[in-house]
1. Determine which member of the set 20, 108 is closer than 30 Å to residue 221 by Cα and in contact (Cβ under 8 Å) with a residue 40 or more places away in the chain.
2. Based on what the data block shows, is residue 144 free of Cβ contacts under 8 Å to residues at least 24 places away in the same chain and under 30 Å from residue 30 (Cα atoms)?
3. Can you tell which of 171, 158 is assigned to a loop (DSSP other than H, G, I, E, B) and among the small types (Gly, Ala, Ser)?
4. Name the residue that is surrounded by the most Cβ atoms within 10 Å (Cβ to Cβ), counting only residues in the range 58-75 that are more than 20 Å from the chain's Cα centre (by Cα) and more than 24 Å from residue 133 (Cβ to Cβ).
5. Restricting to the range 189-208, name every residue that is of a type in the set (Gly, Ala, Ser) and in a loop (DSSP other than H, G, I, E, B).
6. Are there any pairs, at least 6 apart or on different chains, whose C-beta atoms fall under 8 Å, with the first in the range 72-94 and free of Cβ contacts under 8 Å to residues at least 40 places away in the same chain and the second among the β-branched types (Val, Ile, Thr) and surrounded by fewer than 16 Cβ atoms within 10 Å (Cβ to Cβ), and if so, which?
7. Could you pull out the residue among 15, 42 that is within 23 Å of the chain's Cα centre (by Cα) and free of Cβ contacts under 8 Å to residues at least 40 places away in the same chain?
8. Give just the number: which of (1) touching a residue at least 24 places away in the same chain (Cβ under 8 Å); (2) in a loop (DSSP other than H, G, I, E, B); (3) aliphatic (A, V, I, L, M); (4) within 27 Å of residue 50 (Cβ to Cβ) does residue 127 not satisfy?
Amino acid sequence: MSQPVRPAIWAALIATVLAIGVLVKLGFWQLDRAEEKRHLMAQLAQRAEQTLHWPLPDWPGEQLAGYRLAGTVEPVTERTLLLDNQTLDGQVGYRWLQPARFDGGAWILLDLGFVPVARGDRTLPTLPTLPERLSVSGRLYRPGHNPLNAHLLPEAGSVTRIQALELAQLSDHWQQPVAPVVWLVEQPELVGFARSWQPINLSPEKHQGYALQWFGLAVALVIILLRMIQIGRLQRSAQADRLET
């Protein structure tokens with residue numbers, strides 16, 4: 001009577017072992033990510049002490065992130081962007097991203113901070129008027145990439161609402177080269193809205209916490225696996241005893 005059960009038991013055991021392997025692998029991956037973030041934070045701290053000048057070096061965006069930049073630009077107000085689905089301290093709103101050009105025509109995005117709106121309100125907020133020329137200082141960062149939300153989806157209007165910040169797509173959309181980094185404006189403080197320097201979305205400590213969760217799930221499955229093996233042995237022993245009697 002027990003024979004039909006055995007294939008199912010073996011399938012469960014194999015699935016459990018595979019799941020344990022996946023969970024352990026995820027745990028070590030999170031530990032690797034934590035180490036990468038520590039290395040990146042050290043790099044950013046070192047770069048924060050150095051100021052670049054325009055034109056920027058011909059480096060990838062990741063290598064430009066963290067450096068300071070100062071200069072005078074001309075805001076391209078007819079191309080103003082509002083990045084949708086942003087939050088700050090529990091408040092919903094937009095990220096004001098203002099393209100600006102240096103002398104010579106090259107463009108770079110200015111991050112002018114978080115624009116709060118009422119929850120559920122899809123009316124675009126009114127933005128302050130910018131001067132024709134603006135002397136700016138701040139730090140450069142590379143926007144993160146979310147594969148689940150990787151399309152601009154621009155909405156036509158005097159201010160363009162977008163769903164994702166993808167600089168290469170912006171260049172194609174505008175038919176205009178755009179710097180591979182965003183310039184977080186720190187000075188002048190009175191221009192724009194509240195803004196903060198957050199170049200890393202998850203800290204090393206959070207990655208370590210996730211690693212502990214994966215390892216904890218793996219340990220739980222190991223306990224379940226051992227219990228399954230123990231129950232199987234007891235059942236086989238009981239069956240053997242019945243056959244002997």
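1. So the residue among 20, 108 that is closer than 30 Å to residue 221 by Cα and in contact (Cβ under 8 Å) with a residue 40 or more places away in the chain is 20.
2. In short, no.
3. That would be 158, the only listed residue that is assigned to a loop (DSSP other than H, G, I, E, B) and among the small types (Gly, Ala, Ser).
4. Here the residue is 59.
5. Within the range 189-208, 192, 196, 203 qualify.
6. Pairs found: 93/87.
7. Going through 15, 42 in turn, the sole match is 42.
8. Exception for residue 127: condition (4).
The values are calculated or read from the model by the stated rules, or taken from the named source; none is laboratory data. Fair warning: this is a prediction, and the values are worked out from it, not measured in the lab. Cβ atoms come from the backbone with ideal geometry, glycine included; neighbour counts cover every protein chain shown.
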